[in-house]
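So the structure is just underneath, and the comments pick up after that.
The values are calculated or read from the model by the stated rules, or taken from the named source; none is laboratory data. The structure displayed is predicted, hence computed values, not measured ones. Cβ sites come from the backbone with ideal geometry, for glycine too, and all protein chains shown count toward neighbours.
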There are 2 protein chains.
Amino acid sequence: MSGNPNGDRRSARRQETLAEIVAAAWEMVAEHGLAGLSMRDLGDRVGMRAQSLYSYFASKNKIYDAMFMEGYQAFSAWMEATDDPRFRADPARPARLLAHRFVEFCTIDPVRYQLLFQRTIPGFEPSPESYAVALKAYENARERLADSGLRDQETTDLWTAMLTGLADQQISNDPGGDRWERLVDRAVDLLLADPQTHPHTESDKA
Amino acid sequence: MSGNPNGDRRSARRQETLAEIVAAAWEMVAEHGLAGLSMRDLGDRVGMRAQSLYSYFASKNKIYDAMFMEGYQAFSAWMEATDDPRFRADPARPARLLAHRFVEFCTIDPVRYQLLFQRTIPGFEPSPESYAVALKAYENARERLADSGLRDQETTDLWTAMLTGLADQQISNDPGGDRWERLVDRAVDLLLADPQTHPHTESDKA
DNA sequence: GTCTATAGAATGATAGAC
DNA sequence: GTCTATCATTCTATAGAC
């Protein structure tokens, strides 16, 4: 749109600063918890006064919003990576991979998990744009799960509960370990072996 | 120890006030979230100035601590109630009852669930006395679970993850409904039917 | 775009009169 | 045991100079 090279350069510089602020915000919440994000300290961290941050984000919640969107983009990208053609033949493996991938995503960054999958920030609501990114991520995950043979709502609900439960216990009670993570395969196999998971097995065989 | 009837009466009065403050605190966090407990508002609620609360609790965290202990006492009492002799004969039912009872305890009061089973209050650590109550509650629950046939650590870990996962999804995504709660039976049966749950079945039959 | 200055409001907690 | 007065912070956010 803009034929002005200076405009492009300025815009690029601005994008860099925006990204730098968000990166510093991730650092901060990793250290002080999700609620421990303070404009003053965030300003210190990127080398400006807290008030100057308002040139980039209209409010603190806009920063959470940017983190929220970035988090779901990362989630989509992370789950994309399980689309490995080598495992398409085996009916059990894709589900296991999917499950491990999900639990890993959660345990790698507990604060991100909290921001994306739990609701613990008092006044924060994601913007429509960010929420759209989240919805798309969920839809992708649902489709991939369907490819693994888990289709009906009750089964996918149980799947979700099991995996978030495992991730949550892992994060809360054995951070850095694998006491719950190593139960992922067993949980997945349990669900795949359940007759209720495949209510139409007979017709599927035809 | 004190033979002074006035002392007893004063002590009783004090206990009443302590209980009243904690009850008001539960009300407050139910309305404004776990972090939304403010000494000023709490004072208003019990009809005294915020500063006067410090005659009863040395700090805000001491109030959280009292709630924590009360919560685990409630948990023990709640799980005791499943000790129904009528169901001891059926090997499947005690586990189902136990599971339902647990999930109900969580969903009935989400804020209490958050205080007891998640770690979301920044500076709060339970006191040794409160923690002892929590440990005893866990030990009781573990024994009851063992009576239901779930004994090895991996299985009880999976049990915990499944049920907290179901409770969490229920609270977060369908408050007041039963979309996840109605999956409890299926989850329990899945675990009971799993061969890995009874690694020593042969010798048990002897 | 960044700064200083500052508003405006909330917080948890203490000291000391009564 | 409750009060008034107050401290000492923290916080988000705005106004306006440069």
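General observations
- Within the range B:116-136, tally of residues that are facing chain A (nearest Cβ under 10 Å) and surrounded by 15 or more Cβ atoms within 10 Å (Cβ to Cβ): 4
- Residue pairs whose Cβ atoms lie under 9 Å apart, separated by 6 or more positions or on different chains, with the first residue in the range A:180-197 and facing chain B (nearest Cβ under 9 Å) and the second of a type in the set (K, R), are A:D189/A:R96; A:D194/B:R186; A:Q196/B:R186.
- Criterion: modelled with pLDDT under 95 and either among the β-branched types (V, I, T) or crowded, with 19+ Cβ neighbours inside 10 Å (or both) - qualifying residue of B:T155, B:T160, B:T164, B:T197: B:T197
- Top-ranked residue of the range B:15-59 - restricted to ones that are within 14 Å of another protein chain (Cβ to nearest Cβ) and not in a helix (DSSP H, G or I), ranked as farthest from the chain's Cα centre (by Cα): B:S38
- Selection of first residues in the range A:57-71 that are without any contact (Cβ under 8 Å) to a residue 40 or more places away in the chain and of second residues that are among the β-branched types (V, I, T), restricted to Cβ pairs under 6 Å at least 6 apart or on distinct chains, gives the following pairs, ordered by first then second residue: A:F57/A:I63.
- From the options A:E104, A:E139, A:E143, residue that is within 26 Å of B:R119 (Cβ to Cβ) and away from chain B (no Cβ under 12 Å): A:E104
- Of the criteria (1) part of a loop (DSSP other than H, G, I, E, B); (2) acidic (D, E); (3) at pLDDT below 95, which one A:D178 fails: (3)
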